[in-house]
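Participant: The structure under discussion is supplied below as structure tokens; questions concerning it will follow.
The values are calculated or read from the model by the stated rules, or taken from the named source; none is laboratory data. Since this is a predicted model, take the numbers as computed values, not measurements. Heads up, the Cβs are rebuilt from the backbone with ideal geometry, glycines too, and the neighbour counts pull from every protein chain shown. With ligands, DNA and RNA removed, areas are computed over all heavy atoms of the protein, side chains included. Shrake-Rupley method; radii C 1.70, N 1.55, O 1.52, S 1.80 Å.
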Protein chains: 2
Amino acid sequence: MLLNRFGLAILTLAFTFSLSAQRTLRTLYSPGKQTMIAVGLNKSGEIFYQIIYRNRVAVDWSRLGFETRSFDLREGFKLLGAAELPHDETWKPVWGEVAQIRNRYNELEYSLADEAGRRMTIRFRAYDEGAGFRYEFPKQDGLSAMTVTDELTEFQMTADHTAWWIPGDYDSNEHVYTTCPISKIDCTHYNKEYAIATQHIVRMKNVQTPIAMRMADGTHIALAEAALVDFGALHLETDVEKLKFKAFLIASADSTVKSVNTLPFHTPWRTVLLSPDAAGILESKLILNLNEPCKIEDVSWIKPQKYVGVWWEMHVGLATWDYEATADMMAATGREVKGKHGANTENVKRYIDFAAKYGFDGVLVEGWNTGWKDWFGKWKDEVFDFARPYPDYDIDALSRYAREKGVRIIMHHETSAAVPSYERQMDAAYAYMNRYGMNSVKTGYVGKIIPRGEWHDGQWMANHYWRVAERTAQHRIMVDMHEPVRPSGLHRTWPNWLACEAARGQEFNAWSTGNPPEHECILPFTRILGGPMDYTPGIFEVRMNAYDPNKKEVVHTTVAKQLALYVTLYSPLQMAADLPENYEKRLDVFQFIRDVPVDWDDTRVLGAAIGDYITVARRQKGAQNWFLGSITDENPRDFSVRLDFLPAGKTYDAVIYADGPDAHWKDNPYPVAISRRTVQKGDVLELRLAAGGGCAISLMAP
Amino acid sequence: MLLNRFGLAILTLAFTFSLSAQRTLRTLYSPGKQTMIAVGLNKSGEIFYQIIYRNRVAVDWSRLGFETRSFDLREGFKLLGAAELPHDETWKPVWGEVAQIRNRYNELEYSLADEAGRRMTIRFRAYDEGAGFRYEFPKQDGLSAMTVTDELTEFQMTADHTAWWIPGDYDSNEHVYTTCPISKIDCTHYNKEYAIATQHIVRMKNVQTPIAMRMADGTHIALAEAALVDFGALHLETDVEKLKFKAFLIASADSTVKSVNTLPFHTPWRTVLLSPDAAGILESKLILNLNEPCKIEDVSWIKPQKYVGVWWEMHVGLATWDYEATADMMAATGREVKGKHGANTENVKRYIDFAAKYGFDGVLVEGWNTGWKDWFGKWKDEVFDFARPYPDYDIDALSRYAREKGVRIIMHHETSAAVPSYERQMDAAYAYMNRYGMNSVKTGYVGKIIPRGEWHDGQWMANHYWRVAERTAQHRIMVDMHEPVRPSGLHRTWPNWLACEAARGQEFNAWSTGNPPEHECILPFTRILGGPMDYTPGIFEVRMNAYDPNKKEVVHTTVAKQLALYVTLYSPLQMAADLPENYEKRLDVFQFIRDVPVDWDDTRVLGAAIGDYITVARRQKGAQNWFLGSITDENPRDFSVRLDFLPAGKTYDAVIYADGPDAHWKDNPYPVAISRRTVQKGDVLELRLAAGGGCAISLMAP
């Protein structure tokens, strides 16, 4: 009985709340009764909520509220009203993992006033796959704007769950994940052996959202944020004794100011994703559903894309960003690499030829514009000119050449995090792109933010990213942001915002200790919950000593796993990141990258365990072809995959790109065993994944 | 003998420097040998300089040097070379107090290297009217940018001179001046009874430049800054015991960062203005001369102007900036004033009619655009829209109407100090002005700066003001900046930058304790040394109880003094700030404001004592008419003015606007005695100035 399921909740309610306060208690069930949210006021008028999921407490009684510079919204609340509304709609994303998304929830509008008469509403949405809530501050007399100094939201966990997390860094999310019980969360090592150049980690118990957790019974929880607009990003402060997380907002340059908001205002959604297994977390559309619909009327110009580009050659030390060909790599590696300037006309032509020959949509060119000589680590303003190419980059000729070849050059706007400088040039820079027929831009925010004292994850920058999405849309430009705050589903609202980096990407394998084999098995449960990542897979030459015998860095996967990432790491923007010459040496393996699409009508998670493995099948947009990707961490694994997702009565030509015999990410990463067979619904494929390996399969409809 | 004059200097040198260090000693004389600068290194390789003026030490041995984040430029210096060059040129300002300016100095390029081989040059210029020096950091290997953490420059005074100063406020210069000996400098009272809403005063011994001083023997010294570009403003930290000032740069949001500069770089000029009397300080062109020449090729569109506008009616409480007509005055007065929205179409037409009828060039309209409802004190971003008029402001109709009447509407861009928001809209806002035929804009920066943590006087904002000057010039727009850093002569480089407020203006008389009668007798020796001020004189209704019987505020001058300010407070942009109806009641007195020009071919300071009185005569640009203004502080004064400046053999029609019998700023401010006579060169006029009074005279050539 469903009511019995929630008996526990009712017991706790009676225990927590006095009889008078119980009058304020409201419960909200999800449409399929999987999730129940309870909310009420205690006798001090403080707000508490609880989330029950499938007969277990997912979030135990936890505090809600705010502090502002001028007044508190902590206590003394009275309930003004509580309205409940059902909702059920189905919408079609412009691009995505599935052709359509059902948004079905029950909503509770819980309206409060404090003793001074200040009004605040908390809007809860109960989904069968979790919960979301946000705070709303309606227009009211005598309160036109408020300076938020703290958010009191808490998430009380019920036991010492296993958690996958990165530190609450104000400025970067390019970290390796830590797996540990909540009680052991501690960021200290991120300031030591795991430190990266651009981080700012000051609170050792703070973690970023999304954070993923597994309960002892296998229930999975992810705490995340949806629709981060005009606010600081949601980080969480861990109480390792009470096993509780509390909201921590990144401040502005004045550290006592978390955000300033004009009323009416509502916060982003605080979300709790729930699933009986790991796969359910991957399939959840809760974050997207909590975002606002598309703001762009004509979306015909927005296209998912595969691209190559002048990029990896800089990371492996063959070329430089700067024209003077001196020292850019200092930035990432602390090591000076001298080489040729990568973005020269001849070299870019070579990439255009390659893209045209093998069917890629775009060619990214980094280092094309002036400013790179002295761009990193100086914290100075006015670094780059976004409309001035280096003298060896003939933008007129290359634009013509690309157009003739049916390829688009992808613009690159590294800002060096000197953001007002970029904002001042933005309109001119986008007009410049329009003039040259470029419709995609990769932006970058490497380094400490100017305005000094602002952070990548603060309100000021959140507004900037939004502004870039909006202005690029006005110019019919697609955007891929590197080093922004991690995404929160805003690509539903701005589908021209194809992807973000906002996590530790492939390049770390080129010049650092790299990304451990489990890394790509954690990303989809954490960072990628908020939106696609431009991870730049597809590295075939996985050992850096191929470029320099002194180098010890390696990509921590087999080559087969690099292929599988195109399926397991969902993105409408995927790079084939390696050098053309490395692909041309292994055209048989490369065929998978050529074939795999970047837009899908359907997605099935066939198996997943956070940090261990992921197996996903996806159906190509507007076609019957399926693609399957399976990856593992440092452990070899075998899977039997039953092809139940194929339509009945059809045969498919399967090409299987498996780890070769004795493959191993470290000892033997290169072998890819390619086999072909004809398959149909119900057939079972035996996948053998090497340590750090993977398997990619194309299933072409006849 | 000139050499003897400097005997003192040579004695001190021998005393200060060891024999070996004396080899580094250099002396630089001004062309007329009035000023001598000595510079040398002591045995630790620290840099010291001294300034001798007319046989007395003006600045005794004082430290020079810098500290940066990565290294010090304090000591261990060696002299690489010292080149001396004379310079003599005459240039014509686009507008100004005189038709041409002679720039005559001797220059010493004192080139140094420290033990690590880092190079720094100090460039000294010796003028007969003072000295300037700046630091230069040439391009050099291994040093592409530097983060300045402190400037060591000192100014060692020789005795406890009387000083006129305002506090070293990071955010405002709208303060009443204090007059006291150097040893008594203390800003504490500025945080108490003298506090204003927008100040940030944290160091009680810090003062702003320019600061004016008088030595016991009557020699006057002003410490100032010229050409503030890409740097924080120069404030001074007072050592009240040693009677020494040390450079204090306003920091960025990161308080350890004073500025970040890309090499090659040079600081603004640190200047010492010297004169045997107060008048000489007013006549000095040293600050202008140290600025770079005009950067605008075609200056034909730049015109000095007189204007009226929708402004004073808000300050006196008859109207509001915001359309909703509620509460803007809260900002300045802490008092809520409800009224009509001033910038409505009908009211603006009335001002256009008035301007056309009486020959004014422009009509300023404040409160025309959306954003005022909630603009002050919230420290929020995105306040104003600079291309969206309020619904009762018909910009199309008014632009047409103004054009037909031969008047220009002056645009108003209050930013609420949300500066990136303004920068994002800047180009669009100027294009909007161009579209409506507006060629002047008044900008405003009321409140705490966004980017949060930046200050009005810091490097980031200095770069912003420069950018506004540059971008308005590109759009052929003249600019008048309110609440910027105080000017430093950059109007030589950008003559479209007509004026700044950057000091305590007339409006304080409308709603605060106001400006004491001495205020306008100090401004020209301090704030206005750096450039013209939009003080907004011309108030005829000097008692605020005319608008509201409960009001006690008054303008602290007689009406005659209001007229004289048009001559004594030089500016190419002058407002007739009072309401049209107040002028139409006294058209005889108003005649002087109609007659007085705003551009001059010649200027003579006939008498001046800082804080006491100023008498100035100026010849109208391109005409033979002269205008004379004389003002006094709270004391009545009589002057005999001999009209020696008139050309021989010509008679002039003089109209004398004097304080009426028994006039007194407080008890009897209104009477103006107007008399006419014919005068010629050599005639003597007896001026009788009331307490807080003044006298204005037009001398029209036949």
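Participant: Of the residues in the stretch B:385-427, how many are surrounded by 17 or more Cβ atoms within 10 Å (Cβ to Cβ) and among the basic types (Lys, Arg)?
Facilitator: Residues flagged as surrounded by 17 or more Cβ atoms within 10 Å (Cβ to Cβ) and among the basic types (Lys, Arg) within the stretch B:385-427 amount to 2.
Participant: Being more than 23 Å from A:PHE265 (Cβ to Cβ) and more than 14 Å from chain B (Cβ to nearest Cβ): is that true of A:ASP534 here?
Facilitator: yes
Participant: Kindly establish whether B:ARG594 is in contact with a Phe, Trp or Tyr (Cβ under 7 Å, 6 or more places away or on another chain), among the basic types (Lys, Arg) and either in the same structural domain as B:VAL348 (by TED's automatic domain parsing) or within 21 Å of B:PHE540 (Cβ to Cβ) (or both).
Facilitator: yes
Participant: Going by the conditions given, is A:VAL616 buried (at least 24 other Cβ atoms within 10 Å of the Cβ) and part of a helix (DSSP H, G or I)?
Facilitator: no
Participant: If I ask for residues that are in a loop (DSSP other than H, G, I, E, B) and either out of contact with any strand residue (DSSP E or B) (no Cβ under 9 Å at 6 or more places or on another chain) or open to solvent by less than 10 Å² (accessible area, probe 1.4 Å) (or both), which ones from the stretch B:254-293 would you list?
Facilitator: B:ASP254, B:SER255, B:VAL257, B:THR267, B:PRO268, B:LEU290, B:ASN291, B:GLU292
Participant: Taking A:ASP381 as meeting all but one of (1) touching a strand residue (DSSP E or B) at 6+ places or on another chain (Cβ under 6 Å); (2) at pLDDT 95 or above; (3) within 11 Å of another protein chain (Cβ to nearest Cβ), write down the number of the exception.
Facilitator: So the condition that A:ASP381 fails would be (2).
Participant: If I ask for residues that are out of contact with any helix residue (DSSP H, G or I) (no Cβ under 8 Å at 6 or more places or on another chain), hydroxyl-bearing (Ser, Thr, Tyr) and open to solvent by 10 Å² or more (accessible area, probe 1.4 Å), which ones from the stretch A:139-161 would you list?
Facilitator: Within the stretch A:139-161, A:THR147, A:THR149, A:THR158 meet the criteria.
Participant: Tell me the strands (runs of 3 or more DSSP E) entirely within the stretch B:131-186 that contain at least 2 residues that are out of contact with any Pro (no Cβ under 6 Å at 6 or more places or on another chain) and within 14 Å of chain A (Cβ to nearest Cβ).
Facilitator: Passing ranges, in order: B:145-151.
Participant: Could you give me the residue pairs with C-beta distances under 6 Å whose first residue belongs to the stretch A:219-233 and is more than 19 Å from A:THR68 (Cβ to Cβ) and of a type in the set (D, E, K, R), whose second residue is part of a loop (DSSP other than H, G, I, E, B) and at pLDDT 95 or above wherever it lies, and which are 6+ apart or on separate chains?
Facilitator: Hits for this filter: A:GLU225/A:THR209; A:GLU225/A:PRO268; A:GLU225/A:SER488.
Participant: Report, by residue number, each residue of the stretch A:423-434 that is within 14 Å of chain B (Cβ to nearest Cβ) and of a type outside the set (Ser, Thr, Tyr).
Facilitator: Residues satisfying the conditions are A:GLU423, A:ARG424, A:GLN425, A:MET426, A:ASP427, A:ALA428, A:ALA429, A:ALA431.
Participant: Within the stretch B:114-144, count every residue that is under 30 Å from B:TYR53 (Cα atoms) and in contact (Cβ under 8 Å) with a residue 40 or more places away in the chain.
Facilitator: Adding up the residues that qualify gives 17.
Participant: For B:TRP91, work out the one condition from (1) surrounded by fewer than 17 Cβ atoms within 10 Å (Cβ to Cβ); (2) touching a strand residue (DSSP E or B) at 6+ places or on another chain (Cβ under 8 Å); (3) over 30 Å from B:SER571 (Cα atoms) it doesn't fulfil.
Facilitator: All conditions are met except number (3).
Participant: Please indicate, with yes or no, whether at least one residue in the stretch A:435-455 is more than 10 Å from chain B (Cβ to nearest Cβ), within 25 Å of A:PRO532 (Cα to Cα) and of a type in the set (D, E, K, R).
Facilitator: yes
Participant: For the structure I just gave you, tell me whether B:THR198 is open to solvent by 10 Å² or more (accessible area, probe 1.4 Å), touching a Lys or Arg at 6+ places or on another chain (Cβ under 8 Å) and not small (Gly, Ala, Ser).
Facilitator: yes
Participant: Another question, if that's okay. B:GLY458 - would you say it is facing another protein chain (nearest Cβ under 9 Å) and surrounded by 22 or more Cβ atoms within 10 Å (Cβ to Cβ)?
Facilitator: Taking the combined requirement at face value, the residue does not satisfy it.
Participant: Okay, moving on. Could you list all residues from the stretch B:360-376 that are crowded, with 21+ Cβ neighbours inside 10 Å and assigned to a loop (DSSP other than H, G, I, E, B)?
Facilitator: B:PHE360, B:GLU366, B:GLY367, B:TRP368, B:GLY371, B:TRP375, B:PHE376
Participant: Anything in the stretch A:428-452 that is over 30 Å from B:ILE250 (Cβ atoms), among the aromatic types (Phe, Trp, Tyr) and either touching a strand residue (DSSP E or B) at 6+ places or on another chain (Cβ under 7 Å) or buried (at least 21 other Cβ atoms within 10 Å of the Cβ) (or both)? List them, or say none.
Facilitator: Answer for the stretch A:428-452, where residues must be over 30 Å from B:ILE250 (Cβ atoms), among the aromatic types (Phe, Trp, Tyr) and either touching a strand residue (DSSP E or B) at 6+ places or on another chain (Cβ under 7 Å) or buried (at least 21 other Cβ atoms within 10 Å of the Cβ) (or both): just A:TYR430.
Participant: Let me ask something else about it. Would you mind stating whether A:ALA462 is under 23 Å from the mean Cα position of the chain (by Cα) and assigned to a helix (DSSP H, G or I)?
Facilitator: yes
Participant: Now for a different question. Can you confirm whether B:ARG134 is of a type in the set (D, E, K, R) and either at pLDDT below 95 or in the same structural domain as B:LYS246 (by TED's automatic domain parsing) (or both)?
Facilitator: Yes, satisfied.
Participant: Any residue in the stretch B:84-105 that's in a strand (DSSP E or B): show its pairings with residues that are modelled with pLDDT of 95 or more and polar (S, T, N, Q) at Cβ separation under 6 Å, as long as the two are six or more apart or on different chains.
Facilitator: Once the first residue is in a strand (DSSP E or B) and sits in the stretch B:84-105, its partners that are modelled with pLDDT of 95 or more and polar (S, T, N, Q) give B:PRO86/B:ASN106; B:GLU89/B:ASN103; B:THR90/B:GLN100; B:ARG102/B:THR90; B:ASN103/B:ASN289.
Participant: Also: Within the stretch A:391-415, track down each residue that is closer than 24 Å to A:GLU501 by Cβ and over 31 Å from the mean Cα position of the chain (by Cα).
Facilitator: Hit for the stretch A:391-415 is A:TYR393, nothing else.
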